[in-house]
Amino acid sequence: MQSFRATFPSVSRDLLNWFPGHMGKGMKQMQQKLKLVDCVIEVHDARIPLTGRNAEFKYTISGAKPHILVLNKRDLIDKRAEGTIIKRLQQDDYEAKHTLFTNCKSQSCSGLRKLMPLAQDLISGSDRFNRANQREFCIMIIGVPNVGKSSLINVLRNRHLNKKGASQVGAIPGVTRSVLNRIKICEDPPIYLLDTPGILEPNIADAETGLRLALVSCLQDHLVGEELIADYLLFLLNKQQNFRYVQVMGLKEPTDSIANALMESAIYLERTIRTKQLDGTEVIRPDVTMAAKFMIKSFRTGAFGKVLLDEDKIFNNR
Ligand SMILES: Nc1nc2c(ncn2[C@@H]2O[C@H](COP(=O)(O)OP(=O)(O)OP(=O)(O)O)[C@@H](O)[C@H]2O)c(=O)[nH]1
C-alpha cells in the first residue's frame with residue numbers, strides 16, 4: 001500500500017503574497033461608497049468555503065451592513081456537502097446565516113432564484129431603508145479575484161431585467177479593475193449592483209491558504225509557479241484518496257512524487273522541450289511545466305471529479 005505525505009512541506013509565503021496596487025486603491029474606493037450601500041453580497045468560491053475570504057471585508061466593508069455570503073461555482077463541488085458546509089460556517093461565523101450556493105452557468109440554479117428576494121428582504125429590514133426618503137437601493141458585490149462576481153451580476157441582470165453582458169467576465173484573476181460600475185438590476189424599486197475589483201488580503205495567512213487560492217485561480221499561476229501548484233494538488237488528491245489523476249495524466253499508479261508524476265505525464269502527453277547544454281549541444285527533455293499546466297487545467301475543468309479543497313476543514317477529522 002502506497003503511503004502519502006501527511007503534511008505539505010513549508011513554502012515561502014513570499015511566493016504567495018500578491019497584492020497589486022489596484023487592490024489597495026479598490027478597497028479605499030469601496031469604503032468611500034459605503035454610505036450609499038444597503039446590502040453587501042460577498043461572493044466566494046464554493047470549493048474553498050473556509051479558506052481565503054478577505055477578513056478585511058468584515059471589518060471595513062460589510063460590518064454594519066446586511067450581508068449575504070454567496071458560495072459560487074457550486075457545480076464544481078458535490079451537492080451532498082452543502083449542508084455540512086453551512087453548519088461548519090455557522091460554527092465560525094454567525095453572520096453566515098444568510099448563505100446561498102450558486103452556479104452562474106445554470107439559469108435554473110435555486111440559489112440564483114433566491115438571491116434577490118433575500119437581498120430585498122434584508123434591505124427592507126435595514127435602518128437605512130426605513131430612514132431614506134429616496135427609494136433607490138444599492139447592493140455592493142465584493143470578493144477575492146475570480147470567484148464569479150461579474151458573472152453573478154450578469155446572470156442576475158439577465159434574470160431580472162432580461163439584459164445581457166453588463167460586466168466583463170474573465171478566467172484570469174483581477175479582470176475587474178475599475179471600481180464601482182453601477183448596474184441596474186431591478187426597476188421597481190430601483191436596485192443597483194456595484195461591481196468591485198477582486199481584493200485579496202494584503203498578507204495571506206499561510207502557505208496552504210495561498211495554494212488553495214491559487215488552485216481556484218484567485219492568484220495568477222505563473223506568480224506562484226505551476227509545478228508548486230501541481231504538487232499541492234497532488235498532495236490534496238492523495239489525501240482525499242482521489243486517484244483519478246492516474247488515468248487522466250497517463251501514470252502507471254498513484255504517486256506522492258510530483259517530479260515523477262510530471263515526468264511520466266509529459267512523456268505520456270508527448271510534451272518535450274529542447275534545452276542547450278553548457279557545451280552547446282541540444283537535448284530534448286520531457287516538458288514538466290506543460291505537464292503541470294495540464295494537471296492544473298484538468299482539475300479546473302473537472303477531469304478529477306468534484307473536488308472540495310476544504311474537505312479537511314469541513315469534515316475536520318480528515
Ligand atoms: N464552473 C463555474 N464557473 C464559473 C461560475 N461563475 C463564474 N465562473 C467562471 O469563473 C471565471 C471568473 O469569473 P468572473 O465573473 O470574471 O469573476 P470575478 O470575480 O468578476 O473576477 P475578477 O474580476 O478577477 O475579480 C470565469 O471563467 C467564469 O466563466 C460558476 O458558477 N461555475
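Structure above, values below:
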read-out: Residue under evaluation residue 167, criteria (1) at pLDDT 85 or above; (2) part of a loop (DSSP other than H, G, I, E, B); (3) touching a Ser or Thr at 6+ places or on another chain (Cβ under 9 Å), criterion not met; value: (1)
read-out: Any helices (runs of 4 or more DSSP H) falling wholly within segment 195-277 and containing at least 3 residues that are buried (at least 17 other Cβ atoms within 10 Å of the Cβ) and of a type outside the set (A, V, I, L, M); value: 207-215, 226-239
read-out: Residue within segment 230-239 that is in contact (Cβ under 8 Å) with a residue 12 or more places away in the chain and over 30 Å from residue 86 (Cβ atoms) present; value: yes
read-out: Residue ID - farthest from the ligand (Cβ to nearest atom), chosen from residues in segment 60-84 that are under 20 Å from residue 316 (Cβ atoms) and assigned to a strand (DSSP E or B); value: 69
read-out: Residue satisfying condition, being modelled with pLDDT under 90 and open to solvent by 70 Å² or more (accessible area, probe 1.4 Å), within set 158, 130; value: 130
read-out: Considering residues of segment 110-127 that are closer than 18 Å to residue 65 by Cβ and either within 16 Å of the ligand (Cβ to nearest atom) or not in a helix (DSSP H, G or I) (or both) only, the residue modelled with the highest pLDDT; value: 115
read-out: Search result, residues across segment 32-59 that are open to solvent by less than 40 Å² (accessible area, probe 1.4 Å), modelled with pLDDT under 90 and either closer than 30 Å to residue 300 by Cβ or not assigned by the TED database to the domain that holds residue 191 (or both); value: 54, 57
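Residue by residue, here is whether (1) at pLDDT 95 or above; (2) surrounded by fewer than 16 Cβ atoms within 10 Å (Cβ to Cβ) holds:
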| site | (1), (2) |
| --- | --- |
| 14 | no, yes |
| 61 | no, no |
| 73 | yes, no |
| 102 | yes, no |
| 108 | no, yes |
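Yes/no per residue for (1) among the basic types (Lys, Arg); (2) at pLDDT 95 or above; (3) within 16 Å of the ligand (Cβ to nearest atom); (4) closer than 30 Å to residue 32 by Cα:
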site: 172; (1), (2), (3), (4): no, no, yes, yes
site: 200; (1), (2), (3), (4): no, no, yes, yes
site: 220; (1), (2), (3), (4): no, no, yes, yes
site: 229; (1), (2), (3), (4): no, yes, no, no
site: 244; (1), (2), (3), (4): yes, yes, no, no
site: 254; (1), (2), (3), (4): no, yes, no, no
site: 266; (1), (2), (3), (4): no, yes, no, no
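The values are calculated or read from the model by the stated rules, or taken from the named source; none is laboratory data. Since this is a predicted model, take the numbers as computed values, not measurements. Don't worry about glycine lacking a Cβ; one is built from the backbone with ideal geometry, like all the others, and counts go over all protein chains shown. Note: accessible area is taken over every heavy atom of the protein model, side chains too, but ligands, DNA and RNA are not part of it. Shrake-Rupley method; radii C 1.70, N 1.55, O 1.52, S 1.80 Å.
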